[in-house]
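Colleague: Got a structure for you, written out below as structure tokens; questions coming shortly.
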Amino acid sequence: MFNNLTQRLSHSLKKIINKGRLTEENIKDTIREVRKALLEADVTLSVVKRFIENVKQKSIGHQINKSLTPGQEFIKIVKQELILAMGEKNNHLNLSIEPPAIILVVGLQGSGKTTSLAKIGLWIKEKHKKKILMVSADIYRAAAITQLQILSQKIKVDFFSSNENQTPIEIVTQAIQYAKLKLYDVLLIDTAGRLHIDEIMMNEIKQIQNKSKPIETLLIVDSMMGQDAINMAKIFNDDLLISGIVLTKTDGDSRSGIALSMRYITGKPIKFIGTGEKITSLEAFYPKKIVDRILGMNDVMSLIEDIQEKVDRTQIQKLTKKLKQGHDFNLNDFLTQIKQMKKIGGLNYFLDKFPTNHQLSHNISLLNTDKNTLKKTEAMIYSMTPRERAIPTIIKGSRKRRIALGSGTQIQDVNKLLKNFDDIRRIMRKIKTNGIAKVIRGIKNMLPKKF
């Protein structure tokens, strides 16, 4: 979503990075380029004007930090203004209320509303360990209720049954009574969307909101809509007093202006962004992290958080201890690490986190793989004997043919596996005395310097 803006801003800011002094004259061209980059990213004009004026005021005559070059100081100012435009901090869901905490989800049809509701349900379940109930009040769209029921089964969250013969108010009333009776912590309510905003739709949602009195009313916004999405959000906010926004389809080719404009126009925070079609593809919206991404300061923290949540730390500790004791890294260890990588979406996950850095992919060709390739790699290792896994150097011609046959692969696949393993083993030998900490430092050293 932010790639185009990142490229434009990077190009613009390079022109000022080595300037000896910030003056109105030597930042004028850069300011013009930044303005163009924001407008091309579909940032609302009023937001661009305010942003540029603030950057000008803070840049010209600014007391430069002696530890930074003037150009870096200018970029620091741009960074801070981008963060301010998007709301400075993450606004978490408010669940601090007598149960059940009711969360109402609203939006236009096709915005990804029902899927987003399920993603939020899974996020609450995993992050807060709450007992959750989901219900659909969408009696208009064919199979809308069934869709949410299937999604609830997928994430193992309870579903309150409803049908098209009931009114939305009846469904919501019964669901609230049931949630109270069964002591649910959170009730998630899906509402009907429309192809466009109309009075009938808004009145129905107002009735549901008045009846349910939700602690959160979340507006689901399709980021591909651009300026239309911002106008739609303003109308919803004026009528419903929404508490937050969820941006969907941010993994597509949409411009990033919607993220920069939404907070300023509506006054309401972006709470989540949908980053893909998978049910787990939902991220809490952190303005500072998004700005780091836009300015090329890639998101190390979210990478580390994902590793901590999804990877078995016991296995990492065992491997670290083994290497410290002087034992070599073998294919059994490699197999264990592949299983860990599958948990976080395959090794391409790392390349997604570091889109401007190709050093890793040049050094280890295995990084250019997905989960299917990892499965193939597993199959080849499982086709090896215990001795072959422990001493890979003995795997020669006839052994390679047997392994390829047993795993349904080609001999060249086995050769590629052994080459990748050898590359990784050399790296593991280098870091074995310092453990995983040196790996993290190595990742950080590949990033641009922070401003």
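Colleague: Would you mind finding the one in Asp251, Asp239 that is charged (D, E, K, R), modelled with pLDDT under 80 and surrounded by fewer than 20 Cβ atoms within 10 Å (Cβ to Cβ)?
Modeller: Only one candidate qualifies: Asp251.
Colleague: Within the range 140-160, how many residues turn out to be charged (D, E, K, R) and within 20 Å of Leu183 (Cα to Cα)?
Modeller: Summing the residues that are charged (D, E, K, R) and within 20 Å of Leu183 (Cα to Cα) in the range 140-160 gives 2.
Colleague: Test Ser361 against the stated conditions and say whether it is of a type outside the set (Asp, Glu) and modelled with pLDDT under 90.
Modeller: Yes: the conditions hold for Ser361.
Colleague: Quick check, is Ala192 under 32 Å from the mean Cα position of the chain (by Cα), modelled with pLDDT of 90 or more and not polar (S, T, N, Q)?
Modeller: no
Colleague: Continuing with the same structure: Any residue at all in the range 114-124 that's farther than 28 Å from Asn231 by Cβ and either part of a strand (DSSP E or B) or of a type in the set (Ser, Thr, Tyr) (or both)?
Modeller: Checking the range 114-124: not a single residue is farther than 28 Å from Asn231 by Cβ and either part of a strand (DSSP E or B) or of a type in the set (Ser, Thr, Tyr) (or both).
Colleague: Please enumerate the residues belonging to the range 195-234 that are within 26 Å of the chain's Cα centre (by Cα) and farther than 24 Å from Leu95 by Cβ.
Modeller: Scanning the range 195-234 gives Asp222, Ser223, Met224, Met225, Gly226, Gln227, Asp228, Ala229, Ile230, Asn231, Met232, Lys234.
Colleague: Please indicate, with yes or no, whether at least one residue in the range 391-411 is outside any loop (DSSP other than H, G, I, E, B), among the charged types (D, E, K, R) and at pLDDT below 90.
Modeller: Checked the range 391-411: no residue is outside any loop (DSSP other than H, G, I, E, B), among the charged types (D, E, K, R) and at pLDDT below 90.
The values are calculated or read from the model by the stated rules, or taken from the named source; none is laboratory data. Being a predicted model, the structure only gives us computed values, none of them experimental. All Cβ positions, even for glycine, are placed from backbone atoms using ideal geometry, and neighbour counts span all protein chains on display.
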